[in-house]
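To start, the structure under review is shown below, and the notes come after it.
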Amino acid sequence: MNGAKASSPPSRLSPAIATGVMTGTILEWYDLFLFAIGGAYVGKAFFPSDDPLAALLAVYVTYAITFAIRPIGAILFGYIGDRRGRREALFWTLFLAGISTSLIGLIPSYARWGVWAPIAVVFLRLLMGLAVGGEWGAATSYIYDATKRKVVAQIVVQSGVPGGIILAAVVLLGIESLLGKGPMEAWGWRIAFLLSIVLVGIGLMFRIRFPEAFEYEAAKEAAKKEAGELPDPLKTVIVRHPLKTLAGILLTGAVGAGFIYSWTTLPATAMAKGVISTDAYIKIVLLYGVVELIGVILGGLLSEAFSNRTFVYVGLFGLTLTGLSAVIALSSPWFLVLAVALGGLSHGLVYTAQASYLAGLFPTLARTTGISFSYQMGNGLVTGTTPMITTSLVKAYGFAAGGIYVALLLVLAAAVVTSISKRPSTGA
C-alpha cells in the first residue's frame, strides 16, 4: 500500500487518480446495483414464490439487511481512512465488495441447496454492506482532500453511481441477448456476478498506486506535532458535531429513499403488476443511469458556480415530484419513463451537491468517518428499508402510498437543510 506522497494541493486531479477513483467506484456500485437490477433473477433462484411481488419483496428484505450493516462498515473504514489513510480504506472496500459479489454467482439455487441458499446470499450481502459502508465516504473525502476544486471534482466520485447502473444494465442485457431468456433465467445471470471479480481486479490496480490526499497528510502531520497523536474520529463526529451528523443522516437518508424509489421500486412495481416486461425494466433502469450521469455532471458544475445548497434543494424537489407521480407513472409505460427520467436527473443534481456539502461539515481528520457514518446511518435507517416499506404500502393501500411516503421524507430533508442557516465550516 505504498504510494507517492503529494507535495502540494493540485488545482485539478490527475487523469490517473480520476480514472482510479471513478473506475473503482463504478465497479463497486456495479456490484451493488447488479443485485437490485437482477432482482427478478435472484428472487427466482433463491427466494421462490408463486407471487412475483412476494418474491421481489424477499429480495428487498435482503437488500435492506445489506443497508443495515452499512453503519458498521462506515465506522470500520472511516477509522481506517482517518487514522491510516484514505488510500488504504479505498483498497479494502473495493476488494471486499468484489469477493462478496462474485461468490453469489457460485451459490446453488434454492431448489438444490434448500434454506442454505438464501442464508449464504444474506451472509454475502452483509459483507457487501460492510464494504459499501466505507466506500463512498472514503472516496468522497479522498477527492475533497486531494484538490482545490472540491465541488466540481466530486463529479468523479458521484459518476460511479450512474456508471454502475449503466454497466450492470448493459451486462445483463448483453448476456440475455447472447443466451436468450430461458438460459438467462436459469443460469446466465450468474455470469454478471462472476464478472465482478475481474472488474474489481482492474480497479484495484489503479487504487494501489494512489498517492495519499495532500490535505489529509498535512492535517495528520500538524496534529502529531501539536498533540502527539491523532484525534479519535468517531468521538469527534458524535461528541463535537452531533447536529451536523444528524443533519447528514436525515438528508442522505431521504435522498437515498428518493433514489431507490425512482430507479428500483417504481419500475419494479410496474414490472410486477404487468405494466412493463423484465426487458423493459432493465432498459428503463439503463435510461435512468444515463440521465442521472447528466445530472451528476450538471450538479458539480452548477454547484461550484453557485452553491451546494441551491442544487440540494433542486434535486430534493425533483425527487419529491417523482414520488408523487406514482399513480400516473404506473398507468402507462411512457409516463413511467418520464417519471424515472425525472428521478434520475434530480438525483444526479442533489448527489454531487450533497457530497461536497457533507464533506464540508466535518474537520479533515474526522472527515471520512463523519461522511461515512452520517451517509450510511441515513442509508441504513431510511434508504435500505424504502423498497420494503413502499412495496408493502403498495400492496396494502395502492400505488400512491409508497410514493407519498418517499415524498414526506424528502420534504423533511429540505426542512433540515433549511434549518442549517450558516454554511458548514471546512476547517480542520
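The values are calculated or read from the model by the stated rules, or taken from the named source; none is laboratory data. It should be emphasised that the depicted structure is a prediction, and the values quoted were computed from it without experimental measurement. With ideal geometry, Cβ positions are generated from the backbone for all residues, glycine too; neighbour counts draw on all protein chains shown. Remember, those area values only see protein heavy atoms, side chains included, never the ligands or the DNA or RNA. Shrake-Rupley method; radii C 1.70, N 1.55, O 1.52, S 1.80 Å.
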**Request:** Scan segment 114-140 and report the pairs whose first residue is of a type in the set (Gly, Ala, Ser) and whose second residue is assigned to a helix (DSSP H, G or I) and open to solvent by 20 Å² or more (accessible area, probe 1.4 Å), with Cβ atoms within less than 6 Å and a gap of 6+ or a chain change.
**Result:** ALA117/TYR110; GLY129/ILE69; ALA131/LEU96
**Fill in**
Residues in segment 168-224 that are over 30 Å from ASP145 (Cβ atoms) and among the aromatic types (Phe, Trp, Tyr) total 3
**Complete:** Within segment 262-287, restricting to residues that are small (Gly, Ala, Ser) and surrounded by 20 or more Cβ atoms within 10 Å (Cβ to Cβ), the one that is modelled with the highest pLDDT is SER262
**Prompt:** In segment 192-220, which residue that is more than 16 Å from GLU88 (Cβ to Cβ) and over 23 Å from the mean Cα position of the chain (by Cα) is surrounded by the fewest Cβ atoms within 10 Å (Cβ to Cβ)?
**Reply:** ALA218
**Complete:** Conditions (1) at pLDDT below 90; (2) of a type outside the set (Asp, Glu); (3) within 21 Å of ALA36 (Cβ to Cβ) -> GLY360 fails only (3)
**Request:** Name, by its number, the condition in (1) touching a helix residue (DSSP H, G or I) at 6+ places or on another chain (Cβ under 6 Å); (2) within 30 Å of ALA45 (Cα to Cα); (3) at pLDDT 85 or above that does not hold for ILE165.
**Result:** (3)
**Asked** Could you give every pair whose Cβ atoms fall below 8 Å, whose first residue belongs to segment 169-189 and is under 21 Å from THR264 (Cβ atoms), and whose second residue is among the charged types (D, E, K, R) and part of a helix (DSSP H, G or I), counting only separations of at least 6 or pairs across chains?
**Response** ALA169/LYS283; LEU173/ASP279; LEU173/LYS283; GLU176/ASP279; MET184/GLU176; GLU185/LYS44
**Request:** List the number of the failed condition for GLU229; all other conditions in (1) open to solvent by less than 30 Å² (accessible area, probe 1.4 Å); (2) outside any helix (DSSP H, G or I) hold.
**Result:** (1)
**Asked** Restricting attention to segment 362-407, which residues are in contact with a Ser or Thr (Cβ under 8 Å, 6 or more places away or on another chain), of a type in the set (A, V, I, L, M) and over 20 Å from THR252 (Cβ atoms)?
**Response** LEU365, VAL394, ALA401
**Request:** Tell me which residues, restricted to segment 288-313, are within 18 Å of VAL171 (Cα to Cα) and either open to solvent by 60 Å² or more (accessible area, probe 1.4 Å) or in contact with a Cys (Cβ under 6 Å, 6 or more places away or on another chain) (or both).
**Result:** VAL290
**Message:** So, restricting to helices (runs of 4 or more DSSP H) that lie completely within segment 317-428, which ones have at least 3 residues that are closer than 30 Å to LEU130 by Cβ and touching a helix residue (DSSP H, G or I) at 6+ places or on another chain (Cβ under 7 Å)?
**Reply:** 333-359, 367-378, 386-397, 399-419
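Condition (residue is without any contact (Cβ under 8 Å) to a residue 60 or more places away in the chain, of a type in the set (Val, Ile, Thr) and assigned to a helix (DSSP H, G or I)) applied to segment 145-168: is it met by at least one residue? Even if it seems obvious, please write down each step before you answer.
Of all residues in segment 145-168, those without any contact (Cβ under 8 Å) to a residue 60 or more places away in the chain come to none.
No, every residue in segment 145-168 fails to be without any contact (Cβ under 8 Å) to a residue 60 or more places away in the chain, of a type in the set (Val, Ile, Thr) and assigned to a helix (DSSP H, G or I).
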**Prompt:** Do the conditions hold for ILE99, that is, is it open to solvent by 20 Å² or more (accessible area, probe 1.4 Å), of a type outside the set (S, T, N, Q) and either farther than 28 Å from ALA366 by Cα or in contact (Cβ under 8 Å) with a residue 24 or more places away in the chain (or both)?
**Reply:** yes
